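Report on the structure given below.
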Amino acid sequence: MKNETLGDRIRHRRKNLGLTQKQLAEQVKVSHVAISQWEKEETLPRGENLLRLSESLGCAPAYLIDGDGPVFSESGFAGLHQIPLLNQRDVVPWLNDATSVKCDLLMHNDMALSQQSFALRVEEQAMTPAIRRNDVVIIDPAVSPLPGDSVLALQQNSALLRTYRQRSSESGVVQFELAPENIDFPLLHSRRDGIKLAGTLVELRRYR
């Protein structure tokens, strides 16, 4: 369209790919407010933000700027799929009844993830500095942890991120410890502390 603006092209490409502003923001590593401002042309994407935006929208930066660059086929995005993005405090209620918790969706292109995979936004500080508050981690319940892996565990109504340490078996049941990075948090033991594994961390995303 001859009279299209940069904001129009961003919005049209986003909608053609079936992305919400929040989903696009996750990919570009900016806030959804920034996406809204770009589409309204209150501000303009520049530098690395422009490069990440064009990559996420499947087009050349020049297309967004003046409409003259190439636009790639949506078939190149066929591998993208959505997984639930939860707040850490909502994990246990969501596992018990997914319909009881309102959650966002995170775009992901790793087809090796199981259908039970989900993402969560970290709220505790037990794994700092390795995993910080507001980091997003992707958890796959189908992946068995190896010693040293970060895992998500359930203890009563809490979901906890810890480092997995396998210990000896008792009556044929493998016992394990869950260690924090932050020394202000306690070491947990599977038998003593009534914890069970919910999945293994397969990806960490940090947004600035």
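List of remarks:
- Contact map, the range 126-147: first residue more than 18 Å from Pro84 (Cα to Cα) and without any contact (Cβ under 8 Å) to a residue 12 or more places away in the chain, second residue open to solvent by 10 Å² or more (accessible area, probe 1.4 Å) and part of a loop (DSSP other than H, G, I, E, B), Cβ cut-off under 9 Å, separation 6 or more or different chains; pairs are Arg133/Glu123; Arg133/Glu124; Arg133/Gln125.
- Some residue of the range 165-186 being closer than 23 Å to Lys22 by Cβ, part of a strand (DSSP E or B) and touching a Lys or Arg at 6+ places or on another chain (Cβ under 7 Å): no
- Some residue of the range 175-182 being open to solvent by 40 Å² or more (accessible area, probe 1.4 Å) and modelled with pLDDT under 95: no
The values are calculated or read from the model by the stated rules, or taken from the named source; none is laboratory data. Values in this document were obtained by computation on a predicted structure and should not be read as measured data. Glycine also receives a Cβ, built like all others from the backbone with ideal geometry; neighbour counts cover every protein chain displayed. SASA here: full protein model, heavy atoms, side chains in, ligands and nucleic acids out. Shrake-Rupley method; radii C 1.70, N 1.55, O 1.52, S 1.80 Å.
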